[in-house]
Every structure is written in C-alpha cells, then in structure tokens.
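Structure record follows, encoded as structure tokens.
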Amino acid sequence: MYKKKTGRKISAILCLLFFFTLTAGILPFSKADAATTFSDVSPDSYYYTEVTSMASQGIVNGVGDGRFLPQNPVSNAEAAKLVCGMAGVSYSGYTGQTSPWYADVWQWALDNGIVPAGTQPTAYATREQICAYIAAAYKMNTSATTTNAFTDTDSKVANTLYDYGVIKGIDNGDGTYSFGGSENVKRCDTCIMLYRLSQKVAKPSWPAVTPAPTAYTLDKSHYVVSKPASLSSYDDYIRAWDYLLVNKQLTLDFTLNSNYTEQQLRNIMNDIQGAYYYSAFDYMEYAAFLNGWGVSVPYGTQRGERIYNPTIRLQLSNAGPGGKNLSDAQVKSQISTFEQTCDKIVTQLFAQGQLKTSMSVKERAYVLYRYVALHTKYDTSSTYFNGYDAAVRGTAVCQGYTSMYNYLCNIAGVPMEAMTGYTGSTGHVWSRIYSGGSYYNVDVTWADPIPDRAGYCDDGWFWVTDNYLKYQASETRTFDIDNMSQAA
C-alpha cells in the first residue's frame, strides 16, 4: 500500500516579533502605564488631575518613555475610540478585523452616526469634531440649548457641551470665552473632557454589539508545490506531476544524467506514468481537468544500444469524457473560474459565520459537505465531470463533486485528498482525509440523492472509516490504492 508521505508539503511559518515605539497622535492611547504620573505633567499643570485620573483608570497612557506629551494633537480615530469607550460602547469585534487598530470602533461610529461619512480617521481632530462625537455618543439633544456662551461661535454642539459642564472655553482675558472650534484638540484637553464626562454626564444606553465573524484568509498552502530538482525517485515522479497539476503547466522536461538501455528507459517512463495516479489522489481538483497524461523521450543522443542523458517530457491535456476534450485555453479559463467561484464560496461562508476559525477540521469539513450536497445536482447524462461543472454549472458526476469539495476543504484549512475505486463494477471517486492517525472518507456525491431533493443531505457518507466502506456499507467498494504498488 502506498503510505502517506509526511515530508512533501511543508509550509514554514515565520513568527516575527515587532517592537513598536508609540508616537502621540499615531497609535491609540488606551491602556494605563505602570505609573499614573508623567515626567511632563507636573502637579501645577491645569490638566494634572484629569490626566492622572484618566491614566489611573486605564483610559489613556503615555508614549513609552515616561512622557504624556499633553500638548500633542489627537487623531479622529483616537478621539472616537476614547469618546465611545467613555460612553460605554461595546464595539469589540464589530468588524471582525484587527487591522488597522481602529477598524472596529471607526466602523461602529460611522454606522451609528457618531462620525460623519468621509471623515479621515488618521487626520487630527478639531475641538468642534470631538465635541460633536461626544454629543452623538452621549445622545445629547443639541437643538434644545439656548445658551450663547462663546464669542467666536454659535455652535449648538459647543453650547450643549457647555450646558453639561464638559467644556468651559478659552479665556479671552476680558470675562468672555472663545470656543476655538477649528483648533486641533490636544491630548490634555481630551482628558479634561473625558474626566468631566465621567463626573457630570450619565452614560447612554447602546445596544450590545454582536461580534462579526473573524475575517478569514484563504489557505492556499496545499497548492504550493516545488518542482523537483531531478527525477531520481518515485517520490520525485509524484512531485513532478503535482507541480504540473497545481501550476496548470502542460509540459515539463527533465534530463536524466546517465545512460540507459531502451528497456531501462521504458521502465522509468512506465513508473512516471503510474505516479500520475498518486498525484490525482493529491489533486483531483486539477486532475479532473487535466486528465490526459503522457511521457515521451526523443532518442536523439543514442550511442550503440544505450541512450545517454535522455530528456524526459511529462505532458498534460484535457481528454474530456467520451473524447469531448477541451482546448488548453478553455481548460485554463475553466480552472480559473472554478478557483474564483470556490474562493468566493468559502469567503462568504466565513463572513456569514457558517464557517468559523474556531471550528475543528471535522466541523469545517461537515459544513462544506452539506454545502456541496445542497448546491449541486448529479449529472445523469455523464456530460459534466470537473470542478467547474459542479461549482459553476451546478451539476456534475462524482469526479466533479469531489473536485469541488476537495478544493473548498483545502482553502478552508481542511487537508482533503481523493480516492478512486469501484462499487460493484462501477468506477467511483470520493474524498479521503488523514486525521488523528487514521483515514476517514467523505462521499459528498452519495450525500446527494437522485433525483435531486431540495434541502436534503444524507449524513451517512460523512467521515466514515476505510473498514466501513470496504466491508460494512450497504454498497461496499474497493480502493484502487490497494491494488497499486509504489516503485522502488
């Protein structure tokens, strides 16, 4: 029996550790430092109480070197984060994104009218803008004020916050006050506003946020295969076919740096041809398209009875069912559309929460098992046979079902491969996975009845053992791999 090789597809993950220097106005100040006093905030500063209070509560922090930089400006994203946080808004997980750092709060603030559409999150916030954020987040009725507290504006927002005691304005020195709404709001002034909000204004009631599904990056690691340096072993033969299939490459040449009799060369060519079957197990999703394969050698360097340094060419094409072969251009076009369609399916299933990163491999495999069974009809005319037919046309024979299912599984992080065999005298293709030290089988074709029944999926063919299919199932089957021997 051919044994699963563990060293053929290895994905290296490099873990990089980044050290960030926090710069005021660039990153959010949202966690308290170990100390709540700063070298540039003295006890006689007009903002000392407010800054130290906010720092001690973990609302703001310094810039990493013991300073607070109180006179530095605040970005719109920072202002929105601080105001929404002080208002008690629970926005964590709102978008399911972690980059940029303000993705959750900014989208929530946009969706709930806290910040106007078109506001640049990284631009510095003005005093007018942060006051507007406060009024919206705290659900203040700005139209009700009759106050006219400032000499330079009649802003309803500014006067409402004056009524609440959140702002006092800038002393003009003559008993009057200005608002300075167009000026950038400072870090120290932000702390003053937050402090007064905590002392004077009740927190509003906002509906709880249902976290969005975590954004998922499609896992294409199964489809990264390196070209073998030479054809020195049977494993190289398999990898060469894997490389051709995954990269949709139709020819690949290798030079054998030795000399052979004609029979020795024929034996090598036969072994290379046989290795294709193992690659078809690995990549049925591409082998269903590129199902015509061959090996050729021009005897251009023959000396006597030996052939020196022959060049072996591996070739792929579409043989189609019943001789209805597709052109190379048609094959590549269909493969591209098939991939894009499946990529979209998996992305949407994660976005809708039907697939989750917290799910086990088996749980993800089951979601996709039901998806394919419910969205595909068996082609009783035996015309449609590949993943394009299953995913795009919505109808195929077992080879198409399996191709679509395997590709969906692999890009969703489920390492699914294929198996071929017979039920009685009828050839069949299904899926197979090595998990937890054992092989399990998934037959998504047989999950779907003939004729098709909307909304029906037979779970009896999901995650079953080899032993069950060979000896216990109502229709037992043989596995082609049991009758194949890997060349030495």
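For the pair region 345-419 and region 229-257, the centres of their Cα atoms are 28 angstrom apart. Per the Debye calculation on region 141-183 with a single equal scatterer at every Cα and no solvent contribution, log₁₀ I(q)/I(0) for q = 0.25 Å⁻¹ amounts to -0.83.
With everything on Cα atoms, drop me the angle between helix 187-200 and the longest principal axis of the chain, reported from 0 to 90° to the nearest 10. Compared with the principal axis, the helix lies near 80 degrees.
Put simply, the chain fits an ellipsoid with semi-axes of 66, 27, 19 Å; these come from the alpha carbon gyration tensor as the roots of five times its eigenvalues, largest first.
Cβ-to-Cβ counts within 10 Å put Thr190, Thr151, Thr423 in ascending order as Thr151, Thr423, Thr190, the fewest first. In region 206-349, Rg over Rh equals 1.16, where Rg is the alpha-carbon radius of gyration and Rh the Kirkwood radius from pairwise Cα distances. Taken about its Cα centre, the chain carries a charge dipole of roughly 660 debye when the Cβ of each Lys and Arg holds +1 and the Cβ of each Asp and Glu holds -1. Distance between the modelled labels on Asp482 and Asp65, one decimal in nanometres: 7.3 nm (7 Å Cα→Cβ projection). Which of the residue pairs Lys81/Lys344; Lys220/Lys324; Lys156/Lys186; Lys248/Lys356; Lys227/Lys362 have a Cα-Cα distance greater than 26 Å in the structure shown? With Cα atoms farther than 26 Å apart: Lys81/Lys344; Lys220/Lys324; Lys248/Lys356; Lys227/Lys362. Protection proxy ranking of 206-213, 164-171, by the mean of other Cβ atoms within 10 Å over each peptide's residues and highest first, is 164-171, 206-213.
Compared with the direct C-alpha span, the chain from Ser92 to Arg306 gains 69.8 nm at full extension, assuming 0.36 nm per residue.
Normalised by 2.2 N^0.38 Å, with N the number of residues, the alpha-carbon radius of gyration of region 329-488 equals 1.02. The modelled label-to-label distance between Asp163 and Tyr46, using points 7 Å beyond Cα along the C-beta direction, is 2.5 nm.
The overall shape of region 52-191, judged from the alpha-carbon gyration tensor, is oblate: a/c is not under 1.5, and a/b is no greater than b/c.
Per-peptide packing, taken as the mean over residues of other Cβ atoms within 10 Å, places 152-162, 94-104 in the sequence 152-162, 94-104 from highest down. Given region 83-158 reduced to its alpha-carbon atoms as identical point scatterers, what log10 I(q)/I(0) does the Debye formula return at q = 0.13, 0.14, 0.18, 0.20 Å⁻¹? Values returned for q = 0.13, 0.14, 0.18, 0.20 Å⁻¹ are -0.45, -0.51, -0.78, -0.92.
Would you list Ser90, Ser279 from fewest to most Cβ contacts within 10 Å?
If I rank by nearby Cβ atoms, fewest first, I get Ser90, Ser279.
Calculate for the chain the 222 nm mean residue ellipticity that helices alone would give, adding -39,500 (n - 2.57) per DSSP H run of length 4 or more and normalising by residue count, nearest 500 deg cm²/dmol.
Numbers: 12 runs with 154 residues, N = 488.
That calculation yields -10000 deg cm²/dmol at 222 nm.
The GluC sites (Glu not before Pro) of region 226-329 that DSSP puts in a loop, and whose beta carbon has at most 15 other beta carbons within 10 Å, are Glu305.
Laboratory data are not the source of any read-out in this text; all were calculated from the coordinates shown. Here the structure is a predicted model, which means the values were calculated and not measured. Neighbour counts run over all protein chains shown; Cβ positions are idealised from the backbone, glycine included.
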